[in-house]
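Okay, so here's the structure we're looking at.
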Amino acid sequence: MTLVMRRLERLIGFVLLVGVLLSAATVLLGGVLFLWRHGSTPVHYRIFRGEPSDLRTLLGVWGDVMKGSGRGIIQVGLILLVAVQLVRVLLTGILFLLSRDKTFVVITTVVLGLLTYALFYAGR
Amino acid sequence: MATWLFLLLVALGSCAAGAVGALTGMGGGIIIVPMLVLLFHVEMHYAAGASLVAVIATSSGAAAAYLSEGYTNLRVGMFLQLPCIAGGVCGALLAAILPVPLLFTVFGFVLLFSGYLSFRRKEEAERERPSDRLAVRLRLESSYPTVSGWRAYKVYRVLPSFVLMGVAGLLSGLLGIGSGAVNVLSMDQIMRLPYKVSTTTSNFMVGITAAASAGVYLNNGFIDPGLTMPIMLGVFGGSVAGARILMFVNPRPLRILFSAVVLLMAVEMIYKGVTR
């Protein structure tokens with residue numbers, strides 16, 4: 001394995017680590033805000049109602065964050081965590097691209113396509 | 001019960017689930033969903049959605065550490081990722097339409113099977129016959145670090161493993177569990193990769209598959225931020241602690257205890273699924 005690829009592998013590890021820590025910090029911040037305001041209300045997780053539409057889309061979540069909503073900030077942390085996986089696949093694809101491995105570039109592209117489809121289109 | 005107290009208890013339970021998941025090598029996801037459903041009476045879709053997020057967090061944290069060690073086989077990982085992620089998307093879409101009692105029953109049987117696998121695992125002598133033709137063509141063979149230097153390994157039965165991975169992804173998305181146990185079975189027992197290569201490569205894949213499923217869950221409104229917060233942080237923290245503890249204790253008695261707990265949860269999930 002060449003030095004460049006070794007470095008790229010390290011970079012993937014680094015991106016994952018920073019991503020997960022950043023996400024956890026965001027979730028924690030939002031969580032503190034959420035509990036500060038709604039901590040004493042009774043629980044409601046027994047019955048499934050589905051989340052309101054603003055927590056399902058990027059624009060909606062951003063609107064909530066601008067209003068200073070704790071739940072909105074947690075959701076940003078969660079979306080960040082999911083987005084980091086997209087970067088993980090992308091960087092692995094670049095690694096295959098650098099080693100001029102056509103079959104694996106194609107495989108990674110399909111995986112990336114499926115992941116993008118799942119994140120942005122599936123299930124609406 | 002007040003939300004803060006409920007979420008504090010969930011955080012403690014998640015922490016324990018994460019630690020046990022790391023100690024037994026099954027991952028936290030498979031314990032966290034039955035715990036939420038049976039003990040905390042959380043609705044199934046919310047439980048699965050929160051568990052998926054926790055699985056992504058633990059996979060990312062562990063992969064960051066593993067990648068620099070040189071065990072992870074990215075070629076095997078990305079090749080098997082193909083059926084796994086496709087299954088993960090299908091499973092997540094199915095979770096939205098299948099009746100909840102059916103999900104409980106399936107979960108019970110997956111639990112039984114996983115418990116059996118974690119109990120049965122045994123080391124076997126490596127074989128010396130050449131790799132699959134497909135494995136050679138895809139250049140899946142690699143080497144891994146041992147105390148006496150880098151050691152090459154061969155790869156067998158690529159296609160059966162490929163198919164099984166689709167099932168693993170499907171179950172992961174359907175139940176929100178992350179499918180680590182089936183992944184390792186597929187790579188360790190069928191492809192005959194070294195155990196450490198199987199677990200690290202499985203870990204690499206689990207996060208990506210769970211992310212695809214979580215995307216669908218998010219779009220469907222199955223991920224509640226308030227509930228997910230203590231679960232993600234708890235499981236992540238617990239698994240980091242569990243990995244540390246693993247260096248000092250013998251996991252064998254823990255596996256036996258764990259198998260008993262899994263059996264109990266499995267019976268209760270199936271009972272709940274059949275009687276509702």
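Structure values in brief
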| item | result |
| --- | --- |
| Between 0 and 90°, nearest 10: helix B:44-67 axis offset from chain B longest Cα axis | 30 |
| Rounded to 10°, Cα long-axis angle of helix B:195-219 versus longest principal axis of chain B | 40 |
| Inter-site label distance for A:Leu58 and A:His44 at 7 Å from Cα along Cβ, in nm | 2.9 |
| Approximate shape of segment B:158-236 as ellipsoid semi-axes (Cα gyration tensor, √5λ), whole Å, largest first | 27, 14, 8 |
| Relative counts (whole %) of C-alpha pair distances in chain B, using bins that are 10 Å wide | 7, 31, 37, 19, 6, 1, 0 |
| Gained length - B:Ser68 relative to B:Val240, 0.36 nm times residue gap less alpha-carbon distance | 60.2 nm |
| Interface residues in segment B:68-101 - accessible area drops by 30 Å² or more relative to the isolated chain, probe 1.4 Å | B:Ser68, B:Leu74, B:Arg75, B:Met78, B:Leu82, B:Ile85, B:Val89, B:Leu93 |
| For the protein assembly as shown, alpha-carbon Rg over 2.2 N^0.38 Å | 0.94 |
| Computed [θ] at 222 nm, helices only, for chain B once each DSSP H run of length n ≥ 4 contributes -39500 (n - 2.57) | -24000 deg cm²/dmol |
| Interface size A-B, as summed buried accessible area [1.4 Å probe, Å², nearest 100] | 5100 |
| Kyte-Doolittle mean at least 0.5, axial Cα span of 24 Å or more - DSSP H helices of chain A | A:3-38, A:70-98, A:102-120 |
| Where N is the number of residues in segment B:46-92, Cα Rg divided by 2.2 N^0.38 Å | 1.34 |
| Inter-chain Cβ neighbour average for residues A:73-81, partner chain, 10 Å | 6 |
| Simple spin-label estimate for A:Leu3 and B:Met1 in nanometres, 7 Å along Cα-Cβ | 5.7 |
| Three-way shape call for chain A based on the alpha-carbon gyration tensor, with the a/c threshold at 1.5 | prolate |
| Convex hull projection area averaged over all views, segment B:1-42, Cα basis, nm² | 2.7 |
| Distance histogram in 5 Å bins (all Cα pairs of segment B:1-120, percent per bin) | 2, 9, 15, 21, 21, 17, 9, 4, 1, 0 |
| Spin-label proximity, A:Met66 to segment A:1-42 - amide N less than 16 Å from point 7 Å beyond Cα toward beta carbon | none |
| Using alpha-carbon coordinates, inclination of helix B:100-120 to the longest axis of chain B, degrees | 40 |
| Segment B:164-203 - convex hull of the alpha-carbon atoms, volume per residue in Å³ | 49 |
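The values are calculated or read from the model by the stated rules, or taken from the named source; none is laboratory data. Because the structure is a prediction, the values reported are computed rather than measured. Note: ideal-geometry Cβ built from the backbone for every residue, glycine included; neighbour counts use all protein chains shown. With ligands, DNA and RNA removed, areas are computed over all heavy atoms of the protein, side chains included. Shrake-Rupley method; radii C 1.70, N 1.55, O 1.52, S 1.80 Å.
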